[in-house]
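Just below is one structure, and these are the notes that go with it.
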Number of protein chains: 4
Amino acid sequence: MRILSGVFEGQTTGTPISLLIENTDQRSKDYGDIAQTYRPGHADLTYDQKYGIRDYRGGGRSSARETASRVAAGAVARRILGDDIKIRGALVQLGPHKIDRTRWDWEQVEKNPFFCPDAAVVPQWEDYLAGIRKDGLSIGAVIEVIAENVPAGLGAPIYGKLDSDLAAALMSINAVKGVEIGDGFASAALTGVENADPLSMKDGKVVFGANHAGGILGGISSGQPIVARFAVKPTSSMLAPVPSVTRDGQEKDVITKGRHDPCVGIRAVPVGEAMMACVLADHHLRHRGQIG
Amino acid sequence: MRILSGVFEGQTTGTPISLLIENTDQRSKDYGDIAQTYRPGHADLTYDQKYGIRDYRGGGRSSARETASRVAAGAVARRILGDDIKIRGALVQLGPHKIDRTRWDWEQVEKNPFFCPDAAVVPQWEDYLAGIRKDGLSIGAVIEVIAENVPAGLGAPIYGKLDSDLAAALMSINAVKGVEIGDGFASAALTGVENADPLSMKDGKVVFGANHAGGILGGISSGQPIVARFAVKPTSSMLAPVPSVTRDGQEKDVITKGRHDPCVGIRAVPVGEAMMACVLADHHLRHRGQIG
Amino acid sequence: MRILSGVFEGQTTGTPISLLIENTDQRSKDYGDIAQTYRPGHADLTYDQKYGIRDYRGGGRSSARETASRVAAGAVARRILGDDIKIRGALVQLGPHKIDRTRWDWEQVEKNPFFCPDAAVVPQWEDYLAGIRKDGLSIGAVIEVIAENVPAGLGAPIYGKLDSDLAAALMSINAVKGVEIGDGFASAALTGVENADPLSMKDGKVVFGANHAGGILGGISSGQPIVARFAVKPTSSMLAPVPSVTRDGQEKDVITKGRHDPCVGIRAVPVGEAMMACVLADHHLRHRGQIG
Amino acid sequence: MRILSGVFEGQTTGTPISLLIENTDQRSKDYGDIAQTYRPGHADLTYDQKYGIRDYRGGGRSSARETASRVAAGAVARRILGDDIKIRGALVQLGPHKIDRTRWDWEQVEKNPFFCPDAAVVPQWEDYLAGIRKDGLSIGAVIEVIAENVPAGLGAPIYGKLDSDLAAALMSINAVKGVEIGDGFASAALTGVENADPLSMKDGKVVFGANHAGGILGGISSGQPIVARFAVKPTSSMLAPVPSVTRDGQEKDVITKGRHDPCVGIRAVPVGEAMMACVLADHHLRHRGQIG
């Protein structure tokens, strides 16, 4: 990665920071088979529908490699936010297998290749993923990202809601099909009393009895941890064949060779952290602009 | 509602269309009890944290009344999109009670007060909601919005993804805590083959064998129906008491009188349709700009 | 004028401030003669060319009445900037007649109907304008706006240059055809030494020996007074006839009755001040966001 | 220059086109003398005032080298606009010496190093500039840019006025201190009749008898040639000494060695053309989006 602008002698200069990551290991031959065929569930088709041109190389805008730039940007965003704000992500579901949240241990996240906070479920996930890989399949996942020590006040009531911007940022990650804040879809089944985060006073400060809201009320951070989850679908790039069509209208099964993970959701953990960092850094600056 | 600008003799003039809806039935006395107390789960607290001022009137930016302007804007957006594009919403879950999707009938949606497409579940919902109301409680819901006949090509690969903008728009509706496109969170549990929408040729056109993707691939519409769902939490404005604190730091239970629905999710159905219309109209114009 | 939102009990609430000024004295009959004919030099023609619809009423987007909203917004912007920053405008040229800058006296600006800082030239301007009015003509003008005590640092090196935004804001005022910062076009004829604003130290601070730059260097305010000028063309709405054509392609001279000033530039003085205030307030907030 | 993205096999792909121009001949030693001293009239001072950091290298955001990227972007913009729209610039004033507009000949522009359309004035300019150079001075200039065959309808009545965006774009070029459209500042001295562009019919089309407006009425292009001028101040980088101060508060004359043109305005001709192209391309796309 090269820093093209914005840094001089170890300090930012106020100029936009421009980062360049070259895609050096793209092997065009890997894509020979799919150059004329659309991968079902992939952007191959819609790009061609929109622009009328087929750029079949995998290294571009539709590849999860694009997310490397998000992670790089997230590293800058974290420096803007400072060390107090801690942003961490974890895989909470692999395919149909969820973690047991009572066993959540952040230290475990760095000790297994799944970013899994539940050590006990890791062996099960290993077996499961080995089977998926052996069958030439792919599988989805759910990632949770938590930002702690975010000050109250980030966001705005209608335009620029923090949860709205967070939803946009997370949904913009490749293969993401769902986003939740706090209790998310589960809150639909709760009564107002069950979903309430009761307030009380402690040492002269307002404290919360729960965090169903995931740290955001009315589009603005409350000072509680910000909790977001997003669902990643199984990648459409896999060895198992799927019925498809070619560019010139012939029916043909598609098989995708090349370097493709059976679960792209695992690599999405740092990407989700990065998007959280970018959104918070953006709102931090906007808040400082408006409020001072 | 008044049209302040942009329309002359029944036609748009090219000037921004400005609509004004006066909030005529606000009764300030209803809010007397909560003028000094924060409703847990409500933006009362975060607005005060951010701006340092308490505007306790309910008619403003934190009230679901704000969504009236969204519905009005959605009506304009539908005219931009034209009659071919059909946007319809329905309530698919009330509290813990989901519809049976095999009984989905769009005609039923206009025949019951729930916008429910499953006639058989309506009596159950009526009983359930009567109980919630009697107990002074509130309850959440899930809404599904489907846009049919949307042309392929709306959206963009990275900045301006259609699903990202849709997620932002739906998450920006009051009380929304989750957004899904297509299979959403369920896709996390699927293999790549189960989640694939196979392609084949029919009458010289590409057709899809399923719509797990909800009509969006790589941020761009595919020509399939666009399917989105969003979860609405139970409103924090209810008669049942919740522990809270006052502005000057006293602990005090909060009870919210005034005109509050036990399930704001029901009224969110046309709001979700409107946001879908606004996002599609925006992308329709942007697409026409880029592609012509 | 009504305040529609953003203010409660005399304080801003953080919500966008929405102001509504009704155009109450529009007399449609005044426009009867020009409903089908284009006024040369007026936006009549280009609006029709762009939108294909003729909204011949004068009270809208092409009328200088639109600038009332700019002045209202400028009043809010001044409150954001605070009392230290002083923004004042003056008419420095009426038709071909310029002021003598050695006689500049701000106190005179409020004592004559021209916002003229040179008392000695006022009688000449009165005679000249009476002649223009008698002949059914109109005439142009040049306005200068100066902002004092603007802190150094507002603006940005490439995107968001302060002078670029100021040029856009002033050029957007109806009938403006030219914008200058500092010495403006005169600087083209100067050598680098003549145009330099030498620096020296005084009481431990950097001071400037001149202000050819008009307070902006490299897109960023230097702490010196910000000096901008803009030229207003003569209005195309006048009694004197000009050859024109009708909507259906007939040649016809145009005469504009109705309430039209012979020199709209005079009224542009507070408008220019307001645009300066809006641009500075915007950059004040952006600067605070970036730098803190 | 490298194309980093957006082009595949000679065609644009719909992805943003990213161009990279490396600054390969920057010689840091040239800047040794000014690393601690502010050049009067230069952004040295204001960048330091704003960001509190001194990046003394000349190759960055404050160097006219930055305009190379504008010219590159302009080349892309011209491709969007198509071959019919012809954008050409010329130097119309060098220091105090103006061209004789009656001798304007576009073919001359490419035949002399000044981009001067008046062949007769070139020898005078050569002598004048040689003297400036010999004295270690610099001098300003005025550039005129004309866009022909621009269709009527580009721009918008209030937000997004074509002249406003053009003013912003031209004023954003390094060292520009003034911008005019059409007759510009001269129009202030004209009566409404003198300034009018009379309309008549010819072969069933509306034609104009003059172009005082410079092709823009009410913020929208009229179909006439778009005429803009901008003034470039003399560069502050020159051999002649100017009183200044150092970063640590010492008074010291500044002399700028290194590669600096005595008249940067000459090189600004293609930059002005490029900015015109970028603004027109942007409005072309926006117009197509809104109107279709």
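The values are calculated or read from the model by the stated rules, or taken from the named source; none is laboratory data. Just so it is clear, the structure is predicted and the values come from calculations on it, not from any experiment. With ideal geometry, Cβ positions are generated from the backbone for all residues, glycine too; neighbour counts draw on all protein chains shown.
Count, please, the residues in the range C:175-212 that happen to be of a type in the set (D, E) and in a strand (DSSP E or B). Quick ask: steps written out before the conclusion?
First, pick out the residues of the range C:175-212 that are of a type in the set (D, E): C:180, C:183, C:194, C:197, C:203.
Subsequent filtering for residues that are in a strand (DSSP E or B) retains C:180.
Final tally of qualifying residues: 1.
Does D:S69 satisfy the condition of being hydroxyl-bearing (S, T, Y) and either at pLDDT below 90 or assigned to a loop (DSSP other than H, G, I, E, B) (or both)?
When the stated conditions are applied, D:S69 does not pass them.
For D:S187, are the conditions met, namely being in contact (Cβ under 8 Å) with a residue 40 or more places away in the chain and either of a type in the set (D, E) or buried (at least 20 other Cβ atoms within 10 Å of the Cβ) (or both)?
Values: in contact (Cβ under 8 Å) with a residue 40 or more places away in the chain: no; either of a type in the set (D, E) or buried (at least 20 other Cβ atoms within 10 Å of the Cβ) (or both): yes.
Judged against the criteria, D:S187 is not a match.
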Item to complete: Being within 16 Å of C:A141 (Cβ to Cβ) and either surrounded by fewer than 17 Cβ atoms within 10 Å (Cβ to Cβ) or over 20 Å from the mean Cα position of the chain (by Cα) (or both) is the filter here, so list the residues in the range C:102-123 that pass it.
Response: C:P113, C:V121, C:V122
Worksheet item: Does any residue of the range C:169-177 turn out to be closer than 18 Å to C:V279 by Cα, buried (at least 17 other Cβ atoms within 10 Å of the Cβ) and basic (K, R)?
Response: no
Response to the item:
Within the range D:196-240, restricting to residues that are at the interface with another protein chain (Cβ under 7 Å from one of its Cβ atoms) and of a type in the set (D, E, K, R), the one that is surrounded by the fewest Cβ atoms within 10 Å (Cβ to Cβ) is D:D197
Item to complete: Looking for whichever is at the interface with chain A (Cβ under 7 Å from one of its Cβ atoms) and touching a strand residue (DSSP E or B) at 6+ places or on another chain (Cβ under 8 Å) here; the options are B:V176, B:V193. Which one fits?
Response: B:V193
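What tally of residues in the range B:45-56 results from selecting those that are acidic (D, E), part of a helix (DSSP H, G or I) and either facing chain A (nearest Cβ under 8 Å) or in contact with a strand residue (DSSP E or B) (Cβ under 8 Å, 6 or more places away or on another chain) (or both)?
Kept after step one, since they are acidic (D, E), are these residues of the range B:45-56: B:48, B:55.
Okay, now just the ones that are also part of a helix (DSSP H, G or I), so B:48.
Okay, now just the ones that are also either facing chain A (nearest Cβ under 8 Å) or in contact with a strand residue (DSSP E or B) (Cβ under 8 Å, 6 or more places away or on another chain) (or both), so none.
Final tally of qualifying residues: 0.
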Discussion item. Anything in the range D:134-155 that is under 17 Å from the mean Cα position of the chain (by Cα) and within 7 Å of chain C (Cβ to nearest Cβ)? List them, or say none.
Written reply: D:I139, D:G140, D:A141, D:V142
Practice prompt. Could you tell me whether A:R78 is closer than 30 Å to A:L285 by Cβ and modelled with pLDDT under 95?
Written response: no
Worksheet, complete the sentence: Output for Cβ contacts, cut-off 6 Å, separation at least six or different chains, first residue facing another protein chain (nearest Cβ under 7 Å) in the range B:1-18, second charged (D, E, K, R), reads B:F8/C:D55; B:T13/C:D55; B:T15/C:R61
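Identify, from the list B:P243, B:P270, the residue that is touching a residue at least 40 places away in the same chain (Cβ under 8 Å) and over 23 Å from A:A168 (Cα atoms). Give the steps one after another, and end with the answer.
Working: B:P270 fails: over 23 Å from A:A168 (Cα atoms).
Going through B:P243, B:P270 in turn, the sole match is B:P243.
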Discussion item. Restricting to the range B:241-261, and then to whatever is buried (at least 22 other Cβ atoms within 10 Å of the Cβ) and polar (S, T, N, Q), can you tell me which residue is nearest to the other protein chains (Cβ to nearest Cβ)?
Written reply: B:S244
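Scan D:K177, D:K202, D:K161 and give me the residue that is free of Cβ contacts under 8 Å to residues at least 12 places away in the same chain and of a type in the set (D, E, K, R). Step through it out loud before you land on a result.
Values: D:K177 fails: free of Cβ contacts under 8 Å to residues at least 12 places away in the same chain; D:K161 fails: free of Cβ contacts under 8 Å to residues at least 12 places away in the same chain.
Unique residue meeting the criteria: D:K202.
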Practice prompt. Quick one: A:I158 ticks every box in (1) closer than 27 Å to B:V264 by Cα; (2) more than 7 Å from chain B (Cβ to nearest Cβ); (3) surrounded by fewer than 24 Cβ atoms within 10 Å (Cβ to Cβ) except a single one, so which number is it?
Written response: (2)
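Test A:R79 against the stated conditions and say whether it is in contact with a Ser or Thr (Cβ under 9 Å, 6 or more places away or on another chain) and closer than 30 Å to A:V7 by Cβ. Lay out the reasoning, then the answer.
Working: in contact with a Ser or Thr (Cβ under 9 Å, 6 or more places away or on another chain): yes; closer than 30 Å to A:V7 by Cβ: yes.
Criteria met by A:R79.
Residue by residue through the range A:51-75, note down the ones that are touching a residue at least 60 places away in the same chain (Cβ under 8 Å) and either aromatic (F, W, Y) or closer than 10 Å to D:T13 by Cβ (or both).
The first filter runs over the range A:51-75 and keeps only residues touching a residue at least 60 places away in the same chain (Cβ under 8 Å), leaving A:54, A:58, A:62-64, A:66-67, A:70-75.
If the condition is that a residue be touching a residue at least 60 places away in the same chain (Cβ under 8 Å) and either aromatic (F, W, Y) or closer than 10 Å to D:T13 by Cβ (or both), then A:R54 is the only one that fits.
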Worksheet item: If you scan the range C:36-52, which residues turn out to be modelled with pLDDT of 90 or more and touching a Phe, Trp or Tyr at 6+ places or on another chain (Cβ under 7 Å)?
Response: C:L45
